[in-house]
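Working notes, structure below.
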Amino acid sequence: MASDSPVATRLLLVVVLTVQFTVALDMSVVNVALPDIRDDLGFGAEGLPWVVNAYALTFGGLMMLGGRLGDLVGRRRTLLAGLTVFGLAGLAGGFASSPGALMAARAVQGVGAAALAPVAFALITVNFPAGPARSKALGLWGATAAAGGAFGVLIGGLLTESVGWQAVMLINVPIVAFALIVARRLTPDRPAAGGARRLDPGGALLVTAGATTLVLGVVRAERQGWTSMMTIGTLVVAVVLLAAFVLVELRVPAPLLRMGLLAHRPVVGANLFMMLLFSGQFAAFYFTSLYLQQVLGYGPAAAGAAFVPFSLGIVVGSVVATRTVARLGLGRLLALGGALVAVGFGWFGLTFEVDGTFLRSILGPSLVASIGAGLCFVPLGTAATSGVAAHEAGMAGGLINSSRQIGGSIGLAGLVTLAASVTGPEGGGSRRELVHGYAVALEAAGGLSVIAALAALVLVRAADAGTG
């Protein structure tokens, strides 16, 4: 897409980082506004997480199709289409007047994001050579996600408090307009050479339906119980759909996900790590937002400001990772990052108290967990594309981003269910019970990060020789 000239490379990087910022912003900007959205539109306790999940599930479920579409029809064209859908859906969400309308807008916005994230990731891996140049670009990619998260929680709180929650849905519209203007200046690219030249919409439908049904089953377990026929039936349907997806991918000539890609241990390790890491991180943002507002009594703006140290820590961790990945290796750096995230989440569980304060309950664990998360972006990006051909860069980008979104959605649903099992219906009417439920969920999130760190040591070491 871009030529070898410095100007073209910088222009490409501006587009990629703007897309990454926008997608990260949209994930975080909504969290602080959740209580106001619930009160204004009448969401129930079970429905509120779907403001996040409606976006995350279409995002994660269709991302492999979005990445493959970029490989086959051109990444610039896919990028422009994704930006257009994303912006229009954000506009619709800002004018939503019912829970159903908002969730529909969020789901469509996830469709646009599913075209954006894997294509942006593929553009880095294809246009920046392996080594310091790619590590620097991946470090900026991770730091930009943190900047989007920081700006999202801060501006989300300010807009919710001063204008209304609708403004958090509209904030992406001018950013998307800027990205469209810049992206149109990119040199039109040719579809990547190699591989079969067909799409796999059937595979995309199966993986999206399977993931959605799986999360629905986990969410229903909160009310129905894990042993109820409704819960068991929903989970069985999810397993059947996902198994059908695997069978389809093994048989079609142009699969959405070529199963041979999973023969690379670093690729498997990176995706497993990403899924486990974000299973905890999505939930950490969700529960910390509720803790700040429902327990400590923060307004939306103050709650947004309380998230800034977390996002700044990710920037610090990304910078450190860029400078140390060649020396430490992918597996060890991922294990170190996962261990720090686990310590931070566990610390949250210990310091969440009814009479907590920002300094005692939030600042320390936020910094530890976020620096750990920041350490992971560079090695994750490198391991996820280890041994992957250029014509499958979008496929690899779709897979790693799908792991993040689907893992985050399932983790959020599961940990919300865990917290509810501790607090009882609607938090049992007690702030102390609410805090206990939040703490237990965050400690469980820390446990997931421990498993991620161990998986990195076992599976990702095979790619360490290629990091220099």
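Quick check: anything in the range 160-176 among the acidic types (Asp, Glu) and either modelled with pLDDT under 75 or not assigned by TED's automatic domain parsing to the domain that holds Ala283 (or both)?
no
Might you check whether a residue that is under 18 Å from Trp141 (Cα atoms) and of a type outside the set (S, T, N, Q) occurs anywhere in the range 353-364?
no
In the range 53-110, which residues are under 20 Å from Asp39 (Cα atoms) and either outside any helix (DSSP H, G or I) or charged (D, E, K, R) (or both)?
Phe95, Ala96, Ser97, Ser98, Arg106 - these are the residues of the range 53-110 that are under 20 Å from Asp39 (Cα atoms) and either outside any helix (DSSP H, G or I) or charged (D, E, K, R) (or both).
Search the range 194-207 for residues that are closer than 12 Å to Gly67 by Cα and pair each with any residue that is assigned to a helix (DSSP H, G or I) and at pLDDT below 80 when their beta-carbon atoms are under 6 Å apart and the residues are at least 6 apart or on different chains.
Listed pairs, sorted by first residue: Ala204/Leu62.
Restricting the range 234-291 to residues that are of a type in the set (Lys, Arg) and in a helix (DSSP H, G or I), which is farthest from Val435 (Cα to Cα)?
Among them, the one singled out is Arg251.
Any chance the range 214-221 includes a residue that's outside the structural domain of Thr78 (by TED's automatic domain parsing), part of a helix (DSSP H, G or I) and either modelled with pLDDT of 75 or more or surrounded by fewer than 19 Cβ atoms within 10 Å (Cβ to Cβ) (or both)?
yes
Restricting attention to the range 5-40, report how many residues are closer than 17 Å to Thr125 by Cα and within 22 Å of the chain's Cα centre (by Cα).
Adding up the residues that qualify gives 8.
Being touching a Cys at 6+ places or on another chain (Cβ under 6 Å) and in the same structural domain as Val153 (by TED's automatic domain parsing) is true for just one of Gly337, Gly356, Gly317, Gly372. Which residue is that?
So the residue among Gly337, Gly356, Gly317, Gly372 that is touching a Cys at 6+ places or on another chain (Cβ under 6 Å) and in the same structural domain as Val153 (by TED's automatic domain parsing) is Gly337.
From the residues in the range 327-375 that are of a type in the set (Lys, Arg) and either at pLDDT below 90 or under 21 Å from Gly317 (Cα atoms) (or both), which one is surrounded by the fewest Cβ atoms within 10 Å (Cβ to Cβ)?
Arg327
Starting from the range 10-25, keep only residues that are in the same structural domain as Ala115 (by TED's automatic domain parsing) and at pLDDT 85 or above, then list their pairs with residues that are among the charged types (D, E, K, R) and surrounded by 22 or more Cβ atoms within 10 Å (Cβ to Cβ) whose Cβ atoms are within a distance under 7 Å, requiring at least 6 positions of separation or different chains.
Qualifying pairs under 7 Å: none.
Inspect all residues belonging to the range 430-441 and state whether any of them is among the charged types (D, E, K, R), in the same structural domain as Gly139 (by TED's automatic domain parsing) and free of Cβ contacts under 8 Å to residues at least 40 places away in the same chain.
Checking the range 430-441: at least one residue is among the charged types (D, E, K, R), in the same structural domain as Gly139 (by TED's automatic domain parsing) and free of Cβ contacts under 8 Å to residues at least 40 places away in the same chain.
Look at the range 348-368 and say how many of its residues are hydrophobic (A, V, I, L, M, F, W, C), more than 26 Å from the chain's Cα centre (by Cα) and not in a loop (DSSP other than H, G, I, E, B).
1
Quick check: is even one residue across the range 399-410 surrounded by 24 or more Cβ atoms within 10 Å (Cβ to Cβ), outside any helix (DSSP H, G or I), in the same structural domain as Met27 (by TED's automatic domain parsing) and touching a residue at least 60 places away in the same chain (Cβ under 8 Å)?
No, there is no match, as no residue in the range 399-410 is surrounded by 24 or more Cβ atoms within 10 Å (Cβ to Cβ), outside any helix (DSSP H, G or I), in the same structural domain as Met27 (by TED's automatic domain parsing) and touching a residue at least 60 places away in the same chain (Cβ under 8 Å).
The values are calculated or read from the model by the stated rules, or taken from the named source; none is laboratory data. This structure is a prediction, so every number in the text was calculated from the model and none was measured. Here the Cβ is made from the backbone with ideal geometry for all residues, glycine too, and neighbour counts use every protein chain on show.
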